[in-house]
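K.L.:
Here it is, the structure in full.
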Amino acid sequence: MTADRLLLHCVLLAVLFAIMMMLTGCQPNVAPAPGPAPGSTPGSRSGHAVNTLPGAHAHDRLRGEDRLAAKRGPRADSVRSEPQMRIRIGRSLQTTAVAGSGTVRVGPGAADVGRARDHTFQAPLRISHDRQGFVLTQPDGERVRWRLSTLSVTADAGRFTINGDGYPGRLELVARNDKAGRPAGTFDAVNHVGMESYLPGVISKELYPGWDYKAYRAQAIAARSYAIWEMNLPMRRASHFDLEASQASQAYIGDSASEKARKAVADTAGQVLVYDYRVLPAFYSSTSGGTGQDAAAAWPGKVDDLAPLRGRSHGGWGQQSPKFRWTVQRDRSALSKRIAAWGRANKDPVAAFGTIARVDVTNQNTAGRPTTVRVTDTNGRSFNLTCEDLRMASNYKHAALPTVTTSTLVYSGHTTYAVSGNTVTITGRGFGHGVGMCQFGAQHMATEDHEHRAILGFYYPGARVKKVY
């Protein structure tokens with residue numbers, strides 16, 4: 001066969017293959033009217049793997065603008081319009097019920113655009129995944145299979161419900177794979193929503209309903225700034241979501257937001273905290289206990305040592321918090337095993353930890369808040385941990401150990417550990433990591449007539465509020 005004939009042969013094969021794809025994999029997953037064929041099974045595609053926030057080593061590999069965006073925040077002038085968010089509201093679901101005010105429209109998700117047509121179904125629609133594809137069960141019991149890795153679901157009036165909870169925007173379902181790369185039979189639920197529609201559901205969950213409106217406005221700007229930072233982390237480019245709907249990112253309750261939260265978001269629309277021409281990663285927590293923590297000390301290597309995120313004395317602001325000061329007691333043996341289990345899970349040397357003997361502070365920030373500790377066991381072995389790591393290790397969930405309850409939880413990293421017999425008494429200050437704004441402190445300042453800009457200026461000194469869109 002000559003080179004020309006070989007080339008022609010290859011072109012014909014490519015054309016035939018494209019035609020076959022159009023007739024199979026790109027055909028609608030449900031037949032057009034009068035209705036889809038039960039059990040129809042057009043083309044297939046694997047789902048995405050789950051992504052999580054990277055550790056310090058992942059950030060260390062970044063270069064140039066990617067590194068600056070991750071460790072200092074994205075450039076403020078890069079945010080020119082309202083960001084469109086992807087919030088993971090459900091993880092590893094086996095089945096879910098989706099509804100709207102009338103019908104719901106289902107089509108291919110972001111990873112499968114062009115592989116199927118949208119179709120409308122009566123609600124509620126039950127959706128599951130059986131490792132071969134998504135299975136849609138209609139109210140009359142008729143079932144339809146879609147062999148896609150992602151589904152997009154929209155409802156009338158731009159609002160949908162999933163398992164009874166309402167959300168603005170649209171829903172995307174993303175099939176998950178197991179460790180071997182095979183379909184796991186579960187999926188994630190991701191809310192695609194504009195920033196200004198997302199934030200009221202954050203503010204309503206993060207703050208108490210009766211809190212001062214000025215604290216709500218401060219929280220709106222901080223939450224908007226934090227969300228823009230996290231969604232612009234370079235690793236999000238390969239992910240199917242930007243933020244979690246939990247405290248892993250920001251707590252979010254969808255469209256069950258209060259009017260106060262909606263107004264606070266509307267009154268501060270497009271406003272963020274800016275430092276050195278970048279949107280500040282505006283971390284915040286419930287209660288600082290009177291002393292803030294350095295972001296660079298709480299998460300070494302993940303963020304740079306930025307002036308607005310350095311710990312400082314917060315005085316008595318926030319002392320109304322029930323966790324401004326607290327004490328819990330733990331069983332010595334169980335706590336020791338929990339710390340070692342955390343070490344094994346995180347590949348930390350403290351995995352070799354024996355029975356706890358003492359905990360000593362080894363470093364403090366300029367405000368006097370501990371940043372690192374040394375934990376020593378009864379064999380004389382010592383291990384160095386950040387205070388946040390010790391908090392996480394002390395609260396680590398393990399099936400073989402007693403459940404950590406609200407009466408035994410270690411609420412912050414600003415602690416002292418006292419060992420006596422079989423008991424460890426832990427005395428602490430605050431609730432959360434202590435970086436940035438203290439929410440109880442913001443409320444306290446608001447009740448003393450400090451405006452939201454003054455509150456933000458106190459907790460993020462050197463940053464300024466700027467409207468970027």
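Quick note: the coordinates plus some simple rules give every number you see, no bench work behind them. Just so we're clear, the structure is a prediction, and the values are computed from it rather than from any experiment. Ideal geometry is used to build each Cβ from the backbone, glycine not excepted, and the neighbour counts take in all protein chains shown.
K.L.:
Out of all the residues in region 114-142, which are over 28 Å from ARG182 (Cα atoms) and charged (D, E, K, R)? If you could, list the steps in order and put the result at the bottom.
P.N.:
From region 114-142, those over 28 Å from ARG182 (Cα atoms) are 120-124, 139-141; that's our starting set.
Matches in region 114-142: ASP140 only.
K.L.:
Could you say whether any residue in region 100-117 is outside any strand (DSSP E or B), surrounded by fewer than 13 Cβ atoms within 10 Å (Cβ to Cβ) and among the aliphatic types (A, V, I, L, M)?
P.N.:
yes
Rundown of residues vs (1) in a strand (DSSP E or B); (2) without any contact (Cβ under 8 Å) to a residue 60 or more places away in the chain; (3) of a type in the set (Asp, Glu); (4) touching a His at 6+ places or on another chain (Cβ under 7 Å), yes/no style:
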residue: PHE241; (1), (2), (3), (4): no, no, no, no
residue: GLN247; (1), (2), (3), (4): no, yes, no, no
residue: GLN250; (1), (2), (3), (4): no, yes, no, no
residue: GLY254; (1), (2), (3), (4): no, no, no, no
residue: LYS260; (1), (2), (3), (4): no, yes, no, no
residue: VAL265; (1), (2), (3), (4): no, no, no, no
residue: ALA269; (1), (2), (3), (4): no, no, no, no
residue: VAL274; (1), (2), (3), (4): yes, no, no, no
residue: GLY289; (1), (2), (3), (4): no, no, no, yes
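K.L.:
Among the residues of region 427-443, are any free of Cβ contacts under 8 Å to residues at least 12 places away in the same chain and surrounded by fewer than 23 Cβ atoms within 10 Å (Cβ to Cβ)? First the steps, then the outcome.
P.N.:
First, pick out the residues of region 427-443 that are free of Cβ contacts under 8 Å to residues at least 12 places away in the same chain: none.
No, the conditions are met nowhere in region 427-443.
K.L.:
Any residue that is farther than 23 Å from SER313 by Cβ, among the β-branched types (Val, Ile, Thr), under 26 Å from the mean Cα position of the chain (by Cα) and part of a loop (DSSP other than H, G, I, E, B) - is there at least one of those in region 406-418?
P.N.:
From region 406-418, those farther than 23 Å from SER313 by Cβ are 406-409, 417-418; that's our starting set.
Within this subset, residues satisfying the condition of being among the β-branched types (Val, Ile, Thr) are 406, 408.
Still in the running and under 26 Å from the mean Cα position of the chain (by Cα): 406, 408.
Filter again for part of a loop (DSSP other than H, G, I, E, B), leaving 406, 408.
For region 406-418, residues farther than 23 Å from SER313 by Cβ, among the β-branched types (Val, Ile, Thr), under 26 Å from the mean Cα position of the chain (by Cα) and part of a loop (DSSP other than H, G, I, E, B): present.
K.L.:
A further question on this structure: Residue check: is THR376 surrounded by 14 or more Cβ atoms within 10 Å (Cβ to Cβ), touching a residue at least 24 places away in the same chain (Cβ under 8 Å) and among the β-branched types (Val, Ile, Thr)? Before you say what the answer is, go through the steps one by one.
P.N.:
On the way: surrounded by 14 or more Cβ atoms within 10 Å (Cβ to Cβ): yes; touching a residue at least 24 places away in the same chain (Cβ under 8 Å): no; among the β-branched types (Val, Ile, Thr): yes.
No: the conditions fail for THR376.
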